[in-house]
Amino acid sequence: TIITRALLPLLLLIAASVQADDAALREKAESAGLEPIPYGLAEVKDNPVTREKIELGKMLFFDPRLSKSGVISCNTCHNLGTGGDDNLPTSVGHGWQQGPRNSPTVLNAVFNAAQFWDGRAEDLKAQAKGPIQAGVEMANEPEQVVETLNSMPEYVERFGRSFPGEDDPVSFDNMAKAIEAFEVTLVTPNSPFDQFLEGNDGALTDAQKQGLELYIDKGCTACHTGVNLGGQEYFPFGLVKRPGADILPPEDKGRYRVTETATDEYVFRAAPLRNIAITAPYFHSGEIWDLEQAVAVMGTAQLGAKLTDDEVTSIAGFLETLTGEQPLVEYPVLPVETDSTPKPKL
Ligand code: HEM
Ligand code: HEM
């Protein structure tokens with residue numbers, strides 16, 4: 001009909017301009033440093049990742065006998081069924097003690113420049129030795145962990161295969177390396193946001209695209225960018241306005257404890273934001289349960305800008321597109337204890 005003949009060029013023009021908008025937004029995101037999760041296993045320093053090591057690391061990740069009590073595993077606080085964290089404000093560990101900080105997700109942790117809220121561990125193998133010894137977490141000692149592993153022939157055999165040619169393969173260091181190898185596999189690719197970056201215009205809704213635009217325009221990408229939208233650099237929490245003592249407890253001075261430099265008081269690693277919609281509660285204190293509220297806090301604390309309710313909703317809507325495909329992990333069958341396995345101590 002005449003109407004469609006007249007309208008068709010107009011519709012085509014609109015479609016073309018929408019596509020051009022999407023391309024421009026994609027380019028803007030890339031210029032702001034945002035990147036999709038890379039394909040394939042990441043490489044880590046001094047630790048070639050092999051199938052044997054990944055399999056062993058998975059067993060160790062799920063093995064509660066690495067803890068003094070025999071009931072706490074890495075998965076207790078980094079539950080792979082719930083986004084790689086524990087859904088608590090701050091973690092509960094040995095003897096039901098409550099620790100001082102919120103458990104960050106292990107998902108995509110391999111892409112962080114350093115580990116922990118204050119970046120005090122250089123990488124995942126350095127990190128893994130911490131919680132096993134921490135009094136409020138697994139409360140064990142390296143000698144006892146090695147004794148436990150040596151008491152089960154299947155572990156001895158698997159360490160031998162994972163670290164071929166070594167004189168003493170069953171060691172605390174190698175345990176950490178195997179766990180690191182497993183953690184390399186804990187990535188969540190293919191989120192709607194990754195799909196959009198890779199060229200699929202339809203992967204985000206118009207509202208989510210607006211949220212992405214705001215996320216960049218408001219300056220969130222100044223701190224939360226790269227593959228993990230964060231996890232790279234350190235900033236004062238409260239750069240512009242310090243949040244209240246409930247959100248920023250005065251006794252946790254963040255990176256100051258690592259560097260003992262006055263300017264590092266209350267400095268923390270810009271938190272990685274991948275899978276953020278499934279890892280409440282928020283901040284190192286874990287005091288905020290609502291993602292929109294966390295975004296609003298960032299506005300006042302970091303940007304010195306009071307974001308409107310609509311802006312907050314829009315940015316939070318974008319953050320929801322960062323939930324990727326969760327790794328499907330088959331629960332490992334663990335070796336059975338022997339007479340020489342140290343007994344659990346509650
Ligand atoms: C931090 C892995 C056991 C609670 C981390 C991080 C990783 C990790 C990779 C850093 C993530 C990041 O910085 O983004 C592991 C492994 C464990 C283990 C491999 C077993 C060997 C536990 C347990 C608990 C726990 C049992 C709870 C009792 C925490 C907390 C933090 C943390 C609270 C943040 C601590 C801080 O920033 O000072 N863990 N974790 N983890 N994990 Fe674990
Ligand atoms: C933490 C979002 C701007 C630095 C967080 C968290 C979210 C978030 C949701 C909590 C992460 C978690 O609990 O796992 C945003 C948004 C921003 C923004 C949407 C823009 C509106 C900034 C800027 C900076 C910054 C500009 C640096 C100047 C940090 C730091 C943390 C954090 C250091 C960790 C705080 C802590 O220790 O608990 N951000 N952020 N953010 N952000 Fe931002």
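The values are calculated or read from the model by the stated rules, or taken from the named source; none is laboratory data. Bear in mind that the values here come from a model prediction, so they are computed numbers and not experimental data. We place every Cβ from the backbone using ideal geometry, glycine too, and count neighbours over all the protein chains shown.
Can we say residue 214 is free of Cβ contacts under 8 Å to residues at least 40 places away in the same chain and either within 15 Å of ligand 1 (Cβ to nearest atom) or not small (Gly, Ala, Ser) (or both)? Give the derivation first.
Values: free of Cβ contacts under 8 Å to residues at least 40 places away in the same chain: no; either within 15 Å of ligand 1 (Cβ to nearest atom) or not small (Gly, Ala, Ser) (or both): yes.
In short, no.
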The lone exception for residue 177 - which of (1) within 18 Å of the chain's Cα centre (by Cα); (2) under 17 Å from residue 111 (Cα atoms) it fails: (1)
Number of the exception - residue 87 against (1) in contact (Cβ under 8 Å) with a residue 40 or more places away in the chain; (2) at negative phi; (3) surrounded by fewer than 18 Cβ atoms within 10 Å (Cβ to Cβ): (2)
Index of the failed condition, residue 128 passing every other in (1) buried (at least 18 other Cβ atoms within 10 Å of the Cβ); (2) more than 9 Å from ligand 1 (Cβ to nearest atom); (3) free of Cβ contacts under 8 Å to residues at least 60 places away in the same chain: (2)
Condition check for residue 83: of a type in the set (Gly, Ala, Ser), in contact with a Phe, Trp or Tyr (Cβ under 7 Å, 6 or more places away or on another chain) and outside any helix (DSSP H, G or I): no
Any hit, the range 167-180, residues being of a type in the set (Ser, Thr, Tyr), surrounded by fewer than 22 Cβ atoms within 10 Å (Cβ to Cβ) and free of Cβ contacts under 8 Å to residues at least 40 places away in the same chain: yes
Unmet criterion (only one of (1) closer than 29 Å to residue 230 by Cα; (2) aromatic (Phe, Trp, Tyr); (3) without any contact (Cβ under 8 Å) to a residue 40 or more places away in the chain) for residue 117: (3)
Count of the range 245-289 residues which are within 22 Å of residue 188 (Cα to Cα), more than 8 Å from ligand 2 (Cβ to nearest atom) and either part of a helix (DSSP H, G or I) or free of Cβ contacts under 8 Å to residues at least 40 places away in the same chain (or both): 2
Filter result for residue 185 (surrounded by fewer than 19 Cβ atoms within 10 Å (Cβ to Cβ) and within 16 Å of ligand 1 (Cβ to nearest atom)): yes
Any hit, the range 247-266, residues being away from ligand 1 (no atom under 15 Å from the Cβ), among the hydroxyl-bearing types (Ser, Thr, Tyr), surrounded by fewer than 19 Cβ atoms within 10 Å (Cβ to Cβ) and more than 14 Å from residue 298 (Cβ to Cβ): yes
Residue match in the range 149-159 (condition: basic (Lys, Arg) and surrounded by fewer than 18 Cβ atoms within 10 Å (Cβ to Cβ)): no
Answer residue from the range 290-327, given it is assigned to a loop (DSSP other than H, G, I, E, B) and modelled with pLDDT of 95 or more and is nearest to residue 278 (Cα to Cα) among those: 323
Conditions (1) part of a helix (DSSP H, G or I); (2) surrounded by fewer than 21 Cβ atoms within 10 Å (Cβ to Cβ); (3) touching a residue at least 24 places away in the same chain (Cβ under 8 Å): number failed by residue 58: (2)
Selection from the range 1-47 of residues that are closer than 25 Å to residue 212 by Cβ, more than 28 Å from the chain's Cα centre (by Cα) and among the hydroxyl-bearing types (Ser, Thr, Tyr): 17
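Would you mind listing the helices (runs of 4 or more DSSP H) fully within the range 109-201 where at least 1 residues are within 17 Å of residue 38 (Cα to Cα)? I'd like the intermediate steps shown before the answer.
Numbers: elements: 124-133, 142-150, 153-162, 172-184, 192-197.
Ranges flagged: 172-184, 192-197.
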